[in-house]
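Chemist: Got a structure here, written out as structure tokens. Questions coming.
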Amino acid sequence: MKKSFLSILIFCSLVSFAGNPQAVKFVDPYIGTGDHGHVFLGAHVPFGAVQTGPTNYVKGWDWCSGYHYSDSILTGFAQTHLSGTGIGDLGDVLIMPYTGDIKTFPGTIKEPLSGYATLYKHSDETVRAGYYAINLRAYGVKAELTATERVAFHKYTFPESKESRIAIDLGHGIGWDRPTETFIRKVDALTYTGYRFSTGWANDQRLYFAIKLSKAADAVLFLDNQKKADVTSLKSERAVSILSFTTTKNEAVFVKAGISPVSEENALANIEAEISAKSFEAVAAEAEQKWNTELSRIRIKSDNTKDLRTFYTAMYHAFTAPVIFNDHNGDYRGTDKKVYRNAGFTNYSVFSLWDTYRAAHPLYTLVQPERVPDMIKSMLAIYQQQGKLPIWALMGCETDCMVGYSAVPVVADAIFKHFEGIDTELAFEAMKASATRDDYGMKYMKQMGFIPADKEKESVSKALEYAVSDWCIAQLAQKLGKKEDFEYFSKRAKAYQEYYDKATGFLRPKLASGQFKSPFNPLESIHGEGDYTEGNAWQYAWLIPQDVEGMIKLYGGEKRFVQKLDSLFVIQGEMGAQASPDISGLIGQYAHGNEPSHHIAYLYAYAGQQWKTAEKVRYIMDIMYHDQPAGLSGNEDCGQMSAWYVLSAMGFYPVNPAAGCFVFGSPLFEEMTLTLPDSKSFKITAKNNSPKNIYIQSVKLNGKKYAHSFITYREIVKGGTLEFVMGEKPNKKFGSKLKNRPESGVY
């Protein structure tokens, strides 16, 4: 009896704790810093331009964010980072406190401790949302970091020393980054400003900075490519400044580092606008509260703390990018390198669209609706500046990374969902211009209706991604009464049919002669040089989310379609030595660690077998996501990997990301409540839910029986209650009727 009573008390306390509005307490920034997650670790606020945190030497692909959990050497604290990308860049304005003899650079990979870089242990670190701290034991210094949207706030607690130092290093970056021109000047005893121009993945990044100190340095050393320069300002390829101080025991020196895409003056103004005279503790508390406010848009009732940690950290990752890319006064620098003054909207950058169009942006329409119009305006502004919508926008640069023009589904989805303030005619113009270029195989698409494999690399993936976006253009054309455009892009949306080889049952590369390319191995993948982008024919067989009915027909009807889909999750085989490491998180040939697979488990619902979707989705949530550093099965990719989990845990996912239709999977928690605009909410409950009871038995929407295996965006944002009843055995009748299945159209 006593044990039972105690168990009840513990259970109730956990439920109460889980229901507490302090959702931020469940965030563990270490999740995803191990294995291939590539996530950023450090201090930032939701969608903040500044992401300040520890930086290691880049020792390979898994250091794309600048930090990996396996490492033990710190080179300093950079003010900008990327999170979850497959390419490394940024790492701007490296700042490092230390004590002892003057050291003018971190060190080298061959001699890692030859400069001011130092060893550390994770037990020396403290990490939470909006705050990072580390004890640099070799120097007797405690470093603490927090941030606002555009300003990093550093607190360095020094020992008693006449040799306390702060290095400001403009020469080092992350990954592909290389400085082209850097500049630093001493404005007064407490103020330093400058800029860092660099090339890399972002081929012409221009970052301006300002640093405000709480204590004047006793001496300042400027270094021009490691050579002493007797100046108070320095322009160099790799400018470095070493500030020296006399400090008393436990004396704190504060460093405010503001950044700007426009000017040193704006960087200074950002500091004044966002921090001014606030204390470090106040800014850290505000950062944590900003995270709590955003994360509390979804409130959960559950006693499973591991799942809560995984879920809220996933939200945290999904709200890391895109990042604000303007100054507090509204100024920003466009992709044309012109300065746009007080643009009238919040400009964003770091759009990893090949990844995020699938789930992250549809998630934002539910839980970040006030940001959506400005994200779209940012994309349309980029179109006006460079003649096409962004492909992979990085800090005012177009990287042209990955295949497709994947801003199109994002823009279309926002229009179809009636977000206000979007110029629809401009949007259509931008979409059409992006889809009718001559580069990246589009010339052949216009001339031949397909992209020949002997003319263009990754031809199948390009054509399939183009077809997804072309469907969106066709739907918007129809909405705007543009009949000719509707017919043209509707035809292009079915270009996947050109690649279907009935003999093999796959979408197969096709030559300019009209013949299929031989030899053909559906398991093989050749990174960057093959016919499929970061995947093989098995994985790309399903990239037709805009016309699932057509795909089912192509594959011989529902029975054969389901058999082929079943096979995907069990077939074994080698992809070859040249396959991309991005193809990870494998279940058979299903690759959850890479984005083209993300919608696949939800396709069963279109063939009337929603129970198989529930089975697969719950399994993926269980084995591919954990509350540990190696908790992600692949690159986070600027929020997409985590957005899949957030939506799937809610019980649904957008197979077609621009259709406004969310297909049911298997809800993870017993109760979740989404905060919606206009004081509305949408509650999702799952009765009898458990690790075994993964199958939907029945559904009610606002108290009424609901037989569909999907729900629409419009139904969700009205507010109300979605009630699932779960069970251990599948209810194979649920969602099986044709009228209850999702359809390929805009809802």
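The values are calculated or read from the model by the stated rules, or taken from the named source; none is laboratory data. Model, not experiment: these values are computed from the prediction. Counting neighbours? That spans all protein chains shown, and the Cβs are built from the backbone with ideal geometry, glycine included.
Chemist: Residues of the stretch 136-162 being surrounded by fewer than 23 Cβ atoms within 10 Å (Cβ to Cβ) and over 21 Å from F40 (Cα atoms), which ones?
Modeler: Those that are surrounded by fewer than 23 Cβ atoms within 10 Å (Cβ to Cβ) and over 21 Å from F40 (Cα atoms): R137, A138, Y139, G140, T157, P159, E160, S161, K162.
Chemist: Which of the residues belonging to the stretch 313-348 are under 24 Å from the mean Cα position of the chain (by Cα), farther than 16 Å from E149 by Cα and assigned to a strand (DSSP E or B)?
Modeler: Scanning the stretch 313-348 gives a single hit, R333.
Every residue, every condition in (1) of a type in the set (F, W, Y); (2) surrounded by 17 or more Cβ atoms within 10 Å (Cβ to Cβ); (3) under 24 Å from E534 (Cα atoms), yes or no:
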{"site": "D438", "(1), (2), (3)": "no, no, yes"}
{"site": "M445", "(1), (2), (3)": "no, yes, yes"}
{"site": "P452", "(1), (2), (3)": "no, yes, yes"}
{"site": "Y466", "(1), (2), (3)": "yes, yes, yes"}
{"site": "K479", "(1), (2), (3)": "no, no, no"}
{"site": "F486", "(1), (2), (3)": "yes, yes, no"}
{"site": "F489", "(1), (2), (3)": "yes, yes, no"}
{"site": "A493", "(1), (2), (3)": "no, yes, yes"}
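Chemist: Quick check: anything in the stretch 111-118 without any contact (Cβ under 8 Å) to a residue 12 or more places away in the chain, assigned by TED's automatic domain parsing to the domain that holds A210 and not small (G, A, S)? Don't jump to the end; show me each part of the working.
Modeler: Within the stretch 111-118, the first condition is being without any contact (Cβ under 8 Å) to a residue 12 or more places away in the chain, and the residues that meet it are 111, 114.
Retained after the next criterion (residues that are assigned by TED's automatic domain parsing to the domain that holds A210): 111, 114.
Pick out the ones that are also not small (G, A, S) and you get 111.
So far as the stretch 111-118 goes, yes, one or more of its residues are without any contact (Cβ under 8 Å) to a residue 12 or more places away in the chain, assigned by TED's automatic domain parsing to the domain that holds A210 and not small (G, A, S).
Chemist: Kindly state which helices (runs of 4 or more DSSP H) lie completely within the stretch 374-478 and contain at least 3 residues that are free of Cβ contacts under 8 Å to residues at least 24 places away in the same chain. Talk me through it step by step, then tell me what you get.
Modeler: Values: elements: 407-416, 424-435, 442-448.
Correct list: 442-448.
Chemist: Give the stretch 60-75 a look and list any residue that's among the small types (G, A, S) and either surrounded by fewer than 24 Cβ atoms within 10 Å (Cβ to Cβ) or at pLDDT below 95 (or both), or say none. Step through it out loud before you land on a result.
Modeler: As a first pass, look at the stretch 60-75 and keep what is among the small types (G, A, S): 60, 65-66, 70, 72.
The answer is G60, S70, S72.
Chemist: Hey, among the residues in the stretch 502-545 that are of a type in the set (F, W, Y) and surrounded by fewer than 19 Cβ atoms within 10 Å (Cβ to Cβ), which one's nearest to D470 (Cα to Cα)?
Modeler: Step one: filter the stretch 502-545 for residues of a type in the set (F, W, Y), giving 506, 516, 520, 532, 538, 540, 542.
When the remaining residues are screened for being surrounded by fewer than 19 Cβ atoms within 10 Å (Cβ to Cβ), the result is 516, 520.
On the way: F516: 24, F520: 28 Å.
The qualifying residue nearest to D470 (Cα to Cα) is F516.
Chemist: Same structure again: Run down G556, G573 and say which single residue is under 21 Å from S633 (Cα atoms) and free of Cβ contacts under 8 Å to residues at least 60 places away in the same chain. Give the steps one after another, and end with the answer.
Modeler: Details: G556 fails: under 21 Å from S633 (Cα atoms).
Testing whether each residue is under 21 Å from S633 (Cα atoms) and free of Cβ contacts under 8 Å to residues at least 60 places away in the same chain leaves just G573.
Chemist: Please name all residue pairs, on different chains or six or more residues apart, with Cβ atoms under 8 Å, provided the first residue is in the stretch 84-98 and is touching a residue at least 12 places away in the same chain (Cβ under 8 Å) and the second residue is basic (K, R) and assigned to a strand (DSSP E or B).
Modeler: Matching pairs, first to second residue: D92/R196; V93/R196; P97/R165; Y98/R165.
Chemist: Within the stretch 221-243, track down each residue that is part of a strand (DSSP E or B), in contact (Cβ under 8 Å) with a residue 12 or more places away in the chain and surrounded by fewer than 17 Cβ atoms within 10 Å (Cβ to Cβ).
Modeler: First, the residues of the stretch 221-243 that are part of a strand (DSSP E or B): 221-224, 227-229, 233-236, 239-243.
Those left that are additionally in contact (Cβ under 8 Å) with a residue 12 or more places away in the chain: 221-224, 233-236, 239-243.
D224, S233, K235, listed by residue number.
Chemist: Shifting gears a bit: What number of residues in the stretch 672-691 are assigned to a loop (DSSP other than H, G, I, E, B) and farther than 25 Å from Y604 by Cα?
Modeler: 3
Matching residues to (1) farther than 29 Å from G32 by Cβ; (2) buried (at least 22 other Cβ atoms within 10 Å of the Cβ); (3) not hydrophobic (A, V, I, L, M, F, W, C):
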| site | (1), (2), (3) |
| --- | --- |
| G639 | no, yes, yes |
| W644 | no, yes, no |
| F652 | no, yes, no |
| P667 | no, yes, yes |
| E671 | no, no, yes |
| D678 | yes, no, yes |
| S690 | no, no, yes |
| T712 | yes, no, yes |
| E715 | yes, no, yes |
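Chemist: Ok, one more. Go through the stretch 724-747 and give me each residue that's buried (at least 17 other Cβ atoms within 10 Å of the Cβ) and either not in a loop (DSSP other than H, G, I, E, B) or not assigned by TED's automatic domain parsing to the domain that holds Y653 (or both).
Modeler: Looking only at the stretch 724-747, we keep the residues that are buried (at least 17 other Cβ atoms within 10 Å of the Cβ), and these are 724-727, 730-731, 734-736, 740-742, 744, 746-747.
The answer is F724, V725, M726, G727, N740.
Chemist: Please find, among I544, I552, I623, the residue that is under 21 Å from A463 (Cα atoms) and assigned to a helix (DSSP H, G or I).
Modeler: Numbers: I544 fails: assigned to a helix (DSSP H, G or I); I623 fails: under 21 Å from A463 (Cα atoms).
Only one candidate qualifies: I552.
Chemist: Could you please give the count of residues in the stretch 276-309 that are over 24 Å from Y625 (Cα atoms), acidic (D, E) and not in a helix (DSSP H, G or I)?
Modeler: Number of matching residues: 0.
Chemist: Hey, another quick one. Any idea which residue in the stretch 692-723 is farthest from the chain's Cα centre (by Cα), counting only those that are assigned to a loop (DSSP other than H, G, I, E, B) and more than 14 Å from K680 (Cα to Cα)? Lay out the reasoning, then the answer.
Modeler: The first filter runs over the stretch 692-723 and keeps only residues assigned to a loop (DSSP other than H, G, I, E, B), leaving 692-694, 702-703, 706-709, 718-719.
From the residues that got through so far, the ones that are more than 14 Å from K680 (Cα to Cα) too are 692-694, 703, 706-709.
Values: K692: 31, N693: 31, I694: 28, G703: 36, Y706: 33, A707: 34, H708: 31, S709: 28 Å.
Step by step, filter the stretch 692-723, then rank; the result is G703.
Chemist: Related question: Has the stretch 258-270 got at least one residue that is touching a Lys or Arg at 6+ places or on another chain (Cβ under 6 Å), of a type in the set (A, V, I, L, M, F, W, C), on the phi < 0 side of the Ramachandran plot and assigned to a loop (DSSP other than H, G, I, E, B)?
Modeler: Yes, the stretch 258-270 contains a residue that is touching a Lys or Arg at 6+ places or on another chain (Cβ under 6 Å), of a type in the set (A, V, I, L, M, F, W, C), on the phi < 0 side of the Ramachandran plot and assigned to a loop (DSSP other than H, G, I, E, B).
Chemist: Another question, if that's okay. Among the candidates D336, D374, D331, which residue alone is surrounded by fewer than 23 Cβ atoms within 10 Å (Cβ to Cβ) and under 30 Å from K683 (Cβ atoms)? It would help to see each step written out before you state the result.
Modeler: Values: D336 fails: under 30 Å from K683 (Cβ atoms); D331 fails: under 30 Å from K683 (Cβ atoms).
So the residue among D336, D374, D331 that is surrounded by fewer than 23 Cβ atoms within 10 Å (Cβ to Cβ) and under 30 Å from K683 (Cβ atoms) is D374.
Chemist: Then there is this: Is it the case, given these coordinates, that H38 is out of contact with any Lys or Arg (no Cβ under 7 Å at 6 or more places or on another chain), within 20 Å of F153 (Cα to Cα) and buried (at least 23 other Cβ atoms within 10 Å of the Cβ)? Before the answer, list the steps.
Modeler: Details: out of contact with any Lys or Arg (no Cβ under 7 Å at 6 or more places or on another chain): yes; within 20 Å of F153 (Cα to Cα): no; buried (at least 23 other Cβ atoms within 10 Å of the Cβ): yes.
No; evaluated as a whole, the condition is false for this residue.
Chemist: Which ones in the stretch 94-148 are in a loop (DSSP other than H, G, I, E, B), in contact with a Gly (Cβ under 9 Å, 6 or more places away or on another chain) and farther than 21 Å from D169 by Cα?
Modeler: T148
Chemist: For the stretch 163-196, name all the residues that are surrounded by fewer than 23 Cβ atoms within 10 Å (Cβ to Cβ) and of a type in the set (G, A, S).
Modeler: Within the stretch 163-196, G171, G175, A189 qualify.
Chemist: Taking Y57, is it surrounded by 22 or more Cβ atoms within 10 Å (Cβ to Cβ), of a type in the set (F, W, Y) and out of contact with any His (no Cβ under 7 Å at 6 or more places or on another chain)? So that I can check it myself, show each step before the final result.
Modeler: Details: surrounded by 22 or more Cβ atoms within 10 Å (Cβ to Cβ): no; of a type in the set (F, W, Y): yes; out of contact with any His (no Cβ under 7 Å at 6 or more places or on another chain): yes.
Judged against the criteria, Y57 is not a match.
Chemist: May I pose another question? Tell me, please, whether a residue that is β-branched (V, I, T) and either under 24 Å from P452 (Cα atoms) or not in a loop (DSSP other than H, G, I, E, B) (or both) can be found in the stretch 495-511.
Modeler: Looking only at the stretch 495-511, we keep the residues that are β-branched (V, I, T), and these are 504.
Add one more test, that the residue is either under 24 Å from P452 (Cα atoms) or not in a loop (DSSP other than H, G, I, E, B) (or both), and what stays is 504.
So far as the stretch 495-511 goes, yes, one or more of its residues are β-branched (V, I, T) and either under 24 Å from P452 (Cα atoms) or not in a loop (DSSP other than H, G, I, E, B) (or both).
Chemist: Taking the stretch 581-599, which residues are under 22 Å from W61 (Cα atoms) and either aliphatic (A, V, I, L, M) or crowded, with 19+ Cβ neighbours inside 10 Å (or both)?
Modeler: Passing the criteria: D582, I583, G585, L586, A591, H592, G593, N594, E595, P596, S597.
Chemist: Here's something else I'd like to know. Can you tell me which of A474, A467, A463 is farther than 17 Å from Y440 by Cα, out of contact with any Asp or Glu (no Cβ under 7 Å at 6 or more places or on another chain) and small (G, A, S)? Write out each step before concluding.
Modeler: Numbers: A467 fails: farther than 17 Å from Y440 by Cα; A463 fails: farther than 17 Å from Y440 by Cα.
None of the others qualify; the one that does is A474.
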